[in-house]
Structures are given as C-alpha cells and as structure tokens.
Amino acid sequence: MEREDLDDELSEVRETFALRYALVLRIFDYYCAASTHTTKAAFAMTENLFNRFVYETGVADDRTLRRDECSKIFIVCNLETDGATAATAKANDARSLMRYEFMEAIIRMAVSRYSGENPDVSDNVAQLLDEVVEAIARWVAAGPVLYALMSVNEYITHRWYQHEEFNRDHSFQRLCQRIKRWPRRTIARIHHNS
C-alpha cells in the first residue's frame, strides 16, 4: 500500500470516529464509571471493565475474534513506551486504558474481526461500532420492557420478597410480626386494667 492510500484510509477512520465520537465517549465513560477500582486517572478502563465491554456488547464472536484475543489487544494497546513523557506516564495508569487507547483497541478489534470480509479499515470500524450500538440498545431496552410487563404488585412481590435476602428467613418474618403486634397488646392491657 502506498503512502497516499494509507493517508486516505487514516482520514476515513478519523471520519468514522468523528461521526460516532459522542457514542464512543459515552461508552468509555460508562465502563469507567462502573469501576470500583480507584485509579490515578479519573477516566481509565481497567482490564476487567474492558472484558465486560467485550462480553456485554458481543464484540467477541468466538469465530473471528475470541475473548482471549481481545485481552491480548488490551495488553498491546496499554503498552507503555520508554519514550513517554513524565506527565503522560503519570496520568496514564499502567493497568488501564485511556480514551485514545480504547479507540486504538476498537480499531484493532474491528480489523481482527472483519478483515477477512472487508479489507477497508474504516468500514470495519463503522461496522463494529454499529454492532456495539445495537447490542447496547438491546441491553437498555430489556430492563424497562421486562418491568413494564409486570403489574405493580408483581414488581413489589418480585423485588421485596424474592430478592431481599432477609425476607426469605421465616424466623425473621415471625419476629417482625410479633414486634408489630407487641405495642398494641401492651396498650390494650393498660386501658383495660384502668
């Protein structure tokens, strides 16, 4: 491939990201915010969160791109070079992806997944991001649809009597019922004896 072709392809990849940049930022911010791990950077995606992104969005399809290959892509994109400036090295957590590293990972995953079908990198990136959007839409739409199908009573029963662990213990339920009835009996006896 000639230099001009590479420059053209690079500009097409930039255009692909420019059209979907807000989406990429929201995805990155979401998975960064899901972390319980405290890092130096406010927005950095750990490997566990990256693997969660790969799983939840279906990026790895086990035919052309396996999950272990995605983990290798994480490692390659997170590689720190010796020539990095002190400020860059300080801001970039060693075990987390920064935004630009996440974008590089998207490109690498798109090429790994679709290069057999289409040699155009920008088309591969666009196809991967479109599939990620579809997967996220399915995840987002599933929650409200499931609860919309339930009545309010079914929701309350489901939430408070099946998921709360302490409500499953019958001895705890009997104790609460006795405590609930106890003040009424005491007050009734005092009024009756007066």
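The values are calculated or read from the model by the stated rules, or taken from the named source; none is laboratory data. This structure is a prediction, so every number in the text was calculated from the model and none was measured. Cβ atoms come from the backbone with ideal geometry, glycine included; neighbour counts cover every protein chain shown. Keep in mind that these areas ignore ligands, DNA and RNA; they rest on the heavy atoms of the full protein, side chains included. Shrake-Rupley method; radii C 1.70, N 1.55, O 1.52, S 1.80 Å.
Estimated from the Cβ-Cβ distance and a Förster radius of 45 angstrom, the FRET efficiency linking residue 63 and residue 30 is about 0.95. Per-residue extension of 0.36 nm, minus the Cα-Cα distance of residue 15 and residue 52, leaves a gain of 10.6 nm for this segment. A probe of 1.4 angstrom, applied to the heavy atoms of all protein chains, finds residue 25 with accessible area near 30 square angstrom.
Residue ranges 28-34, 49-55 sort as 49-55, 28-34 when ordered by packing (mean number of other C-beta atoms within 10 Å per residue, highest first).
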